[in-house]
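Asks: Pasting a structure below so you can have a look.
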Amino acid sequence: MSQIQPEVREALPDLGNAQPGFGAARADIAFEVNGTAISVNVPPLRRLSSVLRDELLLTGTKVGCDAGDCGACTVLVDGDPVCACLMSAASAAGSVVTTVEGLADGRLSALQASFLAHGAAQCGICTPALLVAATALLDKRPNPTETEVQDALGGILCRCTGYRKIIAAVMDAGRFEPSADGAAPHPPAGTFSPYSDGEKGEASALAAPSPSSSRGEGKGEGQHQPQWFDLGLDRRMPISGNAVGSSPIRLDGVPKVTGDEKFGGDSFPADALAVLVVRSPYYHAGFTFGDLDGWAKTHPGVAGVFTAADIPGKNCFGVIGPFADQPALAEGFARLRGEAVALVAGQREAILDLDLSDFPIRWTELPHVLQSCEAKASGANLIHDNRPANLLTSGFVERGDPEAALAGAAFTVSGAIDTSYVEHAYIEPEAGYAYLDGDTLVVVACTQAPYMDRDETAKVLGLAVDKVRIVPTATGGGFGSKLDVSLQPLIGLVALKTGRPAALVYTRTESMVSTTKRHPAEMKATIGADADGHVIGMIFNGDFNTGAYASWGPTVANRVPVHASGPYATPNYRAEGRAIHTHGPISGAFRGFGVPQATIMQETLYDELAGKLGMDRLEFRLKNCLRNGSETVTGQLLDSGVGIADCLESLRPHWARAKADADTFNSANRNRKRGVGVASCWYGCGNTSLPNPSTIRVGIAADGTVILHQGAVDIGQGSNTVITQICADALGLPLDKFRLRGADTAISPDAGKTSASRQTFVTGKAAEKAGRALRETILRFANVSDKASLQLDRLAIVIREGEATRRIDLASLDVDAEGFVFRAEETYDPPTLPLDAKGQGKPYAVYGYGAQIAELEVDLKLGTVKLLKITAAHDVGKAINPLLVEGQIEGGIAQGIGMALMEEYIPGRTENLHDYLIPTIGDVPPIETILIEVPDPEGPFGAKGLGEHVLIPTAPAILNAIRHATGVLVTKVPATPTRIRAAIREKEARR
Ligand code: FES
Ligand code: FES
């Protein structure tokens, strides 16, 4: 029974593989892969990427779009880079194909070693493609220029790194020419994992270059060039002592450059059913099903169709319990385009080419609203009956008397800014599989929040929490969106219902239409200053379009009012943030939780206010910034650790130089003008006024290894390495003695979710406590003081204090159930206080700070922007691993560039990586990082969080630079050429 109308079929999200599958004619196709002649029997039009991954199990080749847009599938064919997703198997016949697995020959290639040493791989999902494309370049041009590298890698997207370390790694690869000690050994597949249960991970084979940053000294141009350690034996580990503050290669780095790393879609069981999700083509629609069983029977290879009626538990999930409102499968009507309504499971080949145009569902389209202003208008239809005015929730902070302050201000400025949906655009779409292990459902998938996934999946499927086990795979970028469950309950449902493993990889379009976005914001604010230039009052109002379901909307609504002042003393203040439901995409967590949007509002007004005061823009910020002893807008006294002034001070010489450069250029050019902008950030690390604990377990095994249960998911940011470094120094043993047990809800203690810049601070603090507790246990056992040193000598611990040496034979000790002879487990929960009705309290225990300068050039005729340089000063308290810190800063800046200049997700129009633009390797200018270390007494070794902060100042600094260059402020972000040009025209018309 076909009840779907033709125009609806057109509108259905791309359900993926339009490639031949079940029943298609096959042929023997022979070619060479990585030096081995092979022959495969596949449909000739099967994508080469699929053949490599699914037939030959060379999963180092990744798939991010299946459309030629992301470049993740790049392989070499007869020495030239090609997108394997665009090449048929038949076209590869007789060719020589090289994948990432073919780059190392028992040892890492020079380029792979250089990638590790430079920290050029974060999540690593793009890394195989970059490596093979760069290998082809280096074969032709052993010493390429930066432009040549950018040209060669221009078709490969990376969402994590900001590309600068990739460029440096390729340009410096020649320094790693293999020699006796020139490259790290390439371990056998499967034995080189920091998560290994049995094998010893040789994760620390190379030392990194010294960081490309300056340390709080505001060094001049060119300081970002890497310095190198000698390439001989001394760059090998172990690091003995002082792991904190050094930059060993990331402990999980080698599998990322060899292709061994297993992401969500890389290890499906051979007998897994493939799952297809039927989704709503409408923003708002009712629907009824026809004869689903009858339809399934007429489609060979389909094992079953599942709907909400099959869900055994509560068909409702949501990351914040009281606001949970999202069905795993919609019941009777859909509230957003792309909402899941049914699952089709079947043999993989059958699912590959399944035509859903006759799927028995009848839709009735209903009215929808996509803008916050429409949704909150009186008389608007309610998206959830229990949420009047479509208001999900609001956050509020008030201090002093802002109206009176503004009325008495010598100068005031007011403005309004709108921002757009921003898509996370991680290169790895959601992927995973589920299976039953006895009566336990095991879900193996990419994620940022395994314990939340477990709880949500158990609730939906009606299982006890201990009957769901989440095993995270490597995660190819998350940035907030993979905090929410996506496919976990869906594949879990199929596995439960069929008793068979069930596997699913979202298509790119499916990922984009159905997962969360950055909230579009409609903001207004007024700020006033006295005649001396002190800010005395501010009022902020913001509506944040939270889409059809709650997700992290409450967090955004609450975080924004706390942060909308920026890191500046603001004695009289009122800010309200509202999360408004629409039928748009669900807005959730995305690096900054609404603070980047609010900062655009505040920082652009600060420039205007400085102008009215006749003050230098940087000096105005320095005059008003928070300092030790300041009170925040929530009344929190900041006793110590406030580093924003240090950040701004460090920018002074760069600011002066950049402005002088711009003046010189502008006096000689008429149609192109240069501008310089500055903006700051602050960001509270961890949950807002809520419990936020992490637990770390560490122990010593009888074989002398230190086993660290590290449940904080490393999605590329480096927590595997950073948390181990912290624990190593707290314990007093070197990094190379450590073996990691990664997140697994059945094994590792809960280290919370990877979000809100909390892992280095919160889980790091737990690791510090656990390391110290383990050390204390050993010292007490040996009856020595805390001045004693520890050393592991094969099967013994050697303890030295003064002249005395004590040797503990580990084999002589009792071993507990987990194999430990000594163990410790510690939990840390940051001390916060609830906010009262006026938003007064202590929402965070630790804040991080930063400030950035953007230098750019605007073509006044075209409205195009060319970024020249970003200088970024960030107070991280203590740089546990300076190279990883830099990587976070550069990656955050790249995302800020996208937000400022190009990224605008438009439902129904930009649902792929062709129409939705993110920065490429040519869009990110040189970045100079200045690391500021103002220790926070609460953080581990003084460290603060960083991941969110780094994106926040970039967009406002760019907007301020555009205004400096052109005299116009673009009030709808992103500032596309069309909008810049329109603003310039408007200004010209006013003359
Ligand atoms: S998967 Fe081939 S270009 Fe994206
Ligand atoms: S490291 Fe490039 S996408 Fe993550």
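Asks: Considering only residues of region 797-820 that are in a strand (DSSP E or B), at pLDDT 95 or above and of a type in the set (A, V, I, L, M, F, W, C), which is surrounded by the most Cβ atoms within 10 Å (Cβ to Cβ)?
Replies: Ranking the candidates gives I797 first.
Asks: Of all residues in region 137-156, how many are away from ligand 2 (no atom under 14 Å from the Cβ) and surrounded by 19 or more Cβ atoms within 10 Å (Cβ to Cβ)?
Replies: Going residue by residue through region 137-156, those that are away from ligand 2 (no atom under 14 Å from the Cβ) are 137-152, 154.
Next, from what is left, pick out any that are surrounded by 19 or more Cβ atoms within 10 Å (Cβ to Cβ): 137-138, 144, 149-150, 152.
The total comes to 6.
Asks: Is it true that G892 is within 16 Å of ligand 2 (Cβ to nearest atom), of a type in the set (G, A, S), more than 30 Å from R337 (Cα to Cα) and within 20 Å of the chain's Cα centre (by Cα)?
Replies: Values: within 16 Å of ligand 2 (Cβ to nearest atom): yes; of a type in the set (G, A, S): yes; more than 30 Å from R337 (Cα to Cα): no; within 20 Å of the chain's Cα centre (by Cα): yes.
It is false that G892 is within 16 Å of ligand 2 (Cβ to nearest atom), of a type in the set (G, A, S), more than 30 Å from R337 (Cα to Cα) and within 20 Å of the chain's Cα centre (by Cα).
Asks: From the list A72, A90, A84, A67, which one is away from ligand 2 (no atom under 16 Å from the Cβ), at pLDDT 95 or above and buried (at least 23 other Cβ atoms within 10 Å of the Cβ)? Steps first, please.
Replies: On the way: A72 fails: away from ligand 2 (no atom under 16 Å from the Cβ); A90 fails: buried (at least 23 other Cβ atoms within 10 Å of the Cβ); A67 fails: buried (at least 23 other Cβ atoms within 10 Å of the Cβ).
Testing whether each residue is away from ligand 2 (no atom under 16 Å from the Cβ), at pLDDT 95 or above and buried (at least 23 other Cβ atoms within 10 Å of the Cβ) leaves just A84.
Matching residues to (1) more than 16 Å from ligand 1 (Cβ to nearest atom); (2) of a type outside the set (S, T, N, Q); (3) buried (at least 18 other Cβ atoms within 10 Å of the Cβ):
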site: T364; (1), (2), (3): yes, no, no
site: T393; (1), (2), (3): yes, no, yes
site: E398; (1), (2), (3): yes, yes, yes
site: S414; (1), (2), (3): yes, no, no
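Asks: Can I ask one more? Of these, A854, A873, A879, which one is closer than 27 Å to Y421 by Cβ and among the small types (G, A, S)? I'd like the intermediate steps shown before the answer.
Replies: Details: A873 fails: closer than 27 Å to Y421 by Cβ; A879 fails: closer than 27 Å to Y421 by Cβ.
Just one listed residue meets the conditions, A854.
Asks: How do the helices (runs of 4 or more DSSP H) wholly within region 88-166 filter down when requiring 1 or more residues that are closer than 15 Å to K256 by Cβ: which remain?
Replies: Numbers: elements: 110-118, 127-140, 146-153.
The qualifying helices (runs of 4 or more DSSP H) are 110-118, 127-140.
Asks: Which one of these is under 20 Å from I249 (Cβ atoms) and either within 16 Å of ligand 1 (Cβ to nearest atom) or among the charged types (D, E, K, R) (or both): L130, L116, L103?
Replies: On the way: L116 fails: either within 16 Å of ligand 1 (Cβ to nearest atom) or among the charged types (D, E, K, R) (or both); L103 fails: either within 16 Å of ligand 1 (Cβ to nearest atom) or among the charged types (D, E, K, R) (or both).
Checking each option against the conditions leaves just L130.
Each row is one residue, and each column tells you yes or no for (1) touching a helix residue (DSSP H, G or I) at 6+ places or on another chain (Cβ under 8 Å); (2) over 21 Å from T161 (Cβ atoms); (3) of a type in the set (A, V, I, L, M).
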{"residue": "A894", "(1), (2), (3)": "no, no, yes"}
{"residue": "G898", "(1), (2), (3)": "no, no, no"}
{"residue": "N912", "(1), (2), (3)": "yes, yes, no"}
{"residue": "I918", "(1), (2), (3)": "yes, no, yes"}
{"residue": "D923", "(1), (2), (3)": "yes, no, no"}
{"residue": "H949", "(1), (2), (3)": "yes, no, no"}
{"residue": "N960", "(1), (2), (3)": "yes, yes, no"}
{"residue": "A965", "(1), (2), (3)": "yes, yes, yes"}
{"residue": "R985", "(1), (2), (3)": "no, yes, no"}
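Asks: Of all residues in region 331-384, which are within 31 Å of the chain's Cα centre (by Cα) and among the hydroxyl-bearing types (S, T, Y)?
Replies: S372
Asks: Still on this structure, I have one more. Output yes when any residue across region 100-107 is under 26 Å from the mean Cα position of the chain (by Cα), touching a residue at least 40 places away in the same chain (Cβ under 8 Å) and under 30 Å from R591 (Cα atoms), and no when none is.
Replies: No: zero hits.
Asks: Of the residues in region 945-991, how many are modelled with pLDDT of 95 or more and either outside any helix (DSSP H, G or I) or in contact with a Pro (Cβ under 7 Å, 6 or more places away or on another chain) (or both)?
Replies: Residues that pass the stated criteria total 14.
Asks: Still on this structure, I have one more. When both residues are 6+ apart or on different chains and their Cβ atoms are under 6 Å apart, which pairs have a first residue that lies in region 53-76 and is over 14 Å from N34 (Cα atoms) and touching a residue at least 12 places away in the same chain (Cβ under 8 Å), and a second that is within 16 Å of ligand 2 (Cβ to nearest atom) and of a type in the set (K, R)?
Replies: Close Cβ pairs (under 6 Å, with a partner that is within 16 Å of ligand 2 (Cβ to nearest atom) and of a type in the set (K, R)) amount to C65/R508; A72/K62.
Asks: Just for region 340-371: of the residues that are of a type in the set (S, T, N, Q) and part of a loop (DSSP other than H, G, I, E, B), which one is nearest to L292 (Cα to Cα)?
Replies: This residue is Q347.
Asks: Looking only at region 159-175, how many residues end up being of a type in the set (G, A, S), surrounded by fewer than 24 Cβ atoms within 10 Å (Cβ to Cβ) and more than 16 Å from ligand 2 (Cβ to nearest atom)?
Replies: As a first pass, look at region 159-175 and keep what is of a type in the set (G, A, S): 162, 168-169, 173-174.
Adding the requirement that they be surrounded by fewer than 24 Cβ atoms within 10 Å (Cβ to Cβ) leaves 168, 174.
Among the residues that remain, those that are also more than 16 Å from ligand 2 (Cβ to nearest atom) are: 174.
Selection size over region 159-175: 1.
Asks: Just to be sure I understand, how many residues within region 31-53 are surrounded by fewer than 19 Cβ atoms within 10 Å (Cβ to Cβ) and within 16 Å of ligand 1 (Cβ to nearest atom)?
Replies: Summing the residues that are surrounded by fewer than 19 Cβ atoms within 10 Å (Cβ to Cβ) and within 16 Å of ligand 1 (Cβ to nearest atom) in region 31-53 gives 1.
Asks: Here's a follow-up. Restricting attention to region 670-729, and to residues there that are of a type in the set (S, T, Y) and out of contact with any strand residue (DSSP E or B) (no Cβ under 9 Å at 6 or more places or on another chain), which single residue is farthest from A796 (Cα to Cα)? Step through it out loud before you land on a result.
Replies: Kept after step one, since they are of a type in the set (S, T, Y), are these residues of region 670-729: 680, 683, 688-689, 694-695, 705, 719, 721, 724.
Going one step further and asking which of them are out of contact with any strand residue (DSSP E or B) (no Cβ under 9 Å at 6 or more places or on another chain), we end up with 689, 719.
Numbers: S689: 45, S719: 29 Å.
If we take residues in region 670-729 being of a type in the set (S, T, Y) and out of contact with any strand residue (DSSP E or B) (no Cβ under 9 Å at 6 or more places or on another chain), then S689 is farthest from A796 (Cα to Cα).
Asks: Within region 618-643, which residues are touching an Asp or Glu at 6+ places or on another chain (Cβ under 7 Å) and surrounded by 23 or more Cβ atoms within 10 Å (Cβ to Cβ)?
Replies: Within region 618-643, G643 is the sole residue that qualifies.
Asks: Can you tell me which residue in region 730-756 is surrounded by the fewest Cβ atoms within 10 Å (Cβ to Cβ), limited to those that are touching a Ser or Thr at 6+ places or on another chain (Cβ under 6 Å) and assigned to a loop (DSSP other than H, G, I, E, B)?
Replies: Across region 730-756, the extreme among qualifying residues is D750.
Asks: Just to confirm my filter: which strands (runs of 3 or more DSSP E) fall fully inside region 456-571 and include at least 1 residues that are more than 25 Å from N692 (Cβ to Cβ) and among the small types (G, A, S)?
Replies: Numbers: elements: 468-472, 502-505, 521-529, 535-547.
Once the strands (runs of 3 or more DSSP E) in region 456-571 are filtered for at least 1 residues that are more than 25 Å from N692 (Cβ to Cβ) and among the small types (G, A, S), what remains is 502-505, 521-529, 535-547.
Residue by residue, here is whether (1) in a loop (DSSP other than H, G, I, E, B); (2) farther than 21 Å from Y568 by Cβ; (3) touching a residue at least 24 places away in the same chain (Cβ under 8 Å) holds:
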site: F822; (1), (2), (3): no, yes, yes
site: P830; (1), (2), (3): yes, yes, yes
site: A872; (1), (2), (3): no, no, yes
site: I880; (1), (2), (3): yes, yes, yes
site: V885; (1), (2), (3): no, yes, yes
site: G891; (1), (2), (3): no, yes, yes
site: G896; (1), (2), (3): no, no, yes
site: M899; (1), (2), (3): no, yes, yes
site: E911; (1), (2), (3): yes, yes, yes
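Asks: Additional query: Taking the residues in region 308-339 that are without any contact (Cβ under 8 Å) to a residue 40 or more places away in the chain and in a loop (DSSP other than H, G, I, E, B) as candidates, determine which candidate is nearest to G584 (Cα to Cα). Quick ask: steps written out before the conclusion?
Replies: Kept after step one, since they are without any contact (Cβ under 8 Å) to a residue 40 or more places away in the chain, are these residues of region 308-339: 308-309, 321-322, 327, 331.
Now drop any that are not in a loop (DSSP other than H, G, I, E, B), which leaves 327, 331.
Values: P327: 16, E331: 18 Å.
Across region 308-339, the extreme among qualifying residues is P327.
Here is a yes/no grid of residues against (1) within 34 Å of the chain's Cα centre (by Cα); (2) under 27 Å from I536 (Cα atoms); (3) away from ligand 2 (no atom under 16 Å from the Cβ):
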site: V397; (1), (2), (3): yes, yes, yes
site: A404; (1), (2), (3): no, yes, yes
site: G408; (1), (2), (3): no, yes, yes
site: T412; (1), (2), (3): no, yes, yes
site: E423; (1), (2), (3): yes, no, no
site: Y433; (1), (2), (3): yes, no, yes
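Asks: Report whether or not Y426 is modelled with pLDDT of 95 or more and outside any loop (DSSP other than H, G, I, E, B).
Replies: Values: modelled with pLDDT of 95 or more: yes; outside any loop (DSSP other than H, G, I, E, B): no.
Spelling it out, it is not the case that Y426 is modelled with pLDDT of 95 or more and outside any loop (DSSP other than H, G, I, E, B).
The values are calculated or read from the model by the stated rules, or taken from the named source; none is laboratory data. In this text the structure is predicted, and so the values were computed from the model without any measurement. Here the Cβ is made from the backbone with ideal geometry for all residues, glycine too, and neighbour counts use every protein chain on show.
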